[in-house]
Amino acid sequence: MIQRRIFWVYFVVITTLTGCALPTPSEQVSSTQVNQSLVNSHQQKLEQLQQWSLSGRMAIVQKKQKQRDSFYINWHYLPNQQIIRFSHPLKGQLAKLTIDDSGALLVDSDDQERWAPTADALMYRLLGAAIPFQQLHHWVLGRKTPTLESPRYHKDGTLAQAKVVNRGQNWQLNWFFSQNSTQPIPLPEQIHVENPVLQIKVQVNQWQLTH
């Protein structure tokens, strides 16, 4: 437990931005009853996205302590590699997370390294929570995976809510889409991944897509 707290402090220290709250998305209606052809059409379009980048912000909320920490992210995805950079507008890059077939490696601005065989294992070491990070690159697009349970949809067939169990921990996922998006494929503006004690929010400011 002490080791987990040390890793949590380490992670917060390298990524904290003070006084920086993510905007609250507008409430959107969801249902389990939706035209399945709309769901299938959207998912087929998402499957064609083999390379993408996003820039935005990520927040980590410790619910019981009511502590919120947020930072800027730049996430670049390739089929065999993901690179996520965490940064501060004044301090520059705070940390870099690389995920590939060899494992997950986090390097901070002082070149200190933390490695684990998978992204899930690394997040567990850092935060002491079984965050389902390994599939987050699918979910951040709004893509369904076989592990999702009890999905609900927006009226246009995009994902709205789902549940997932990871290492025995129950997680709730919520997707929020902009009503004014000009993207050819509807992509989330925000995604929330949370359990009773921890919440992770990803706010996307810009998408760059390559089919």
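Read-outs: derived from the displayed coordinates by stated rules, not from any lab. Predicted, not measured: the structure shown is a model, and the values here were computed from it. Here the Cβ positions follow ideal geometry from the backbone for every residue, glycine too, while neighbour counts run over all protein chains shown.
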Report summary line: Measuring from the longest principal axis of the C-alpha atoms of the chain, the long axis of helix 2-15 (C-alpha) lies at a number of degrees, nearest 10, equal to 70 degrees
Report summary line: For the chain the mean separation of alpha carbon contacts under 8 Å (6+ apart) over residue count, i.e. relative contact order in percent, is 25 percent
**Report entry** Helical contribution to [θ] at 222 nm, DSSP H n ≥ 4, -39,500 (n - 2.57), averaged over the chain, rounded to 500
**Finding:** -5500 deg cm²/dmol
Query - Farthest toward positive dipole pole in the stretch 2-210 [+1 Lys/Arg, -1 Asp/Glu at C-beta], among S109, L198, V140 - result: L198
Query - Net dipole in debye of the stretch 2-210 [+1 Lys, Arg Cβ; -1 Asp, Glu Cβ; about Cα centre; nearest 20] - result: 540 debye
